[in-house]
Amino acid sequence: MPNTFIQLLVIGLVAGVAGGLFGIGGGAIMVPAMVLLLGMDQKFATGTSVAAQILPIGILAAVVYHKNGNLNIRYAVIIAVGLILGNLFGALFANQAFVSSELMKKLYGIFLFVIGARYLFFR
């Protein structure tokens with residue numbers, strides 16, 4: 001248990017730093033780390049990631065960005081509404097009987113690959 005505790009804490013710390021630096025959802029770090037490093041099932045890791053993000057985890061980083069004039073609160077609220085609905089629809093889809101953990105791994109890998117290619121090769 002202590003080793004898992006430390007691993008989970010480090011995963012959260014790395015995801016938090018990436019979120020503060022790049023504004024990415026922590027799930028982009030947490031889910032692969034839980035699957036690849038801790039051997040969690042894809043659906044279990046996704047559910048754990050979503051639960052970890054329920055509280056306003058970005059509040060302190062948002063304060064820093066706001067103080068430096070780098071935050072549009074109106075836009076953030078609109079995006080938050082989309083996130084709430086999108087998370088619901090995504091969770092409903094992911095938990096269908098026909099959606100296996102293996103399919104979710106493949107979809108997630110494609111998603112990350114497309115985003116990575118877009119950043120590396122296109123403006």
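A few remarks follow.
- Exactly one residue among 40, 34, 104 is touching a helix residue (DSSP H, G or I) at 6+ places or on another chain (Cβ under 7 Å), outside any helix (DSSP H, G or I) and at pLDDT 90 or above, and that residue is 40.
- Residue count for the stretch 19-58, restricted to those that are hydrophobic (A, V, I, L, M, F, W, C) and under 10 Å from the mean Cα position of the chain (by Cα): 7
- When residues of the stretch 57-107 are limited to those that are in contact with a Lys or Arg (Cβ under 8 Å, 6 or more places away or on another chain) and in contact (Cβ under 8 Å) with a residue 60 or more places away in the chain, the one surrounded by the most Cβ atoms within 10 Å (Cβ to Cβ): 104
The values are calculated or read from the model by the stated rules, or taken from the named source; none is laboratory data. Worth saying up front: this structure is predicted, and the values here are computed from it rather than measured. Here Cβ is always computed from backbone atoms with ideal geometry, including for glycine, and neighbour counts include all displayed protein chains.
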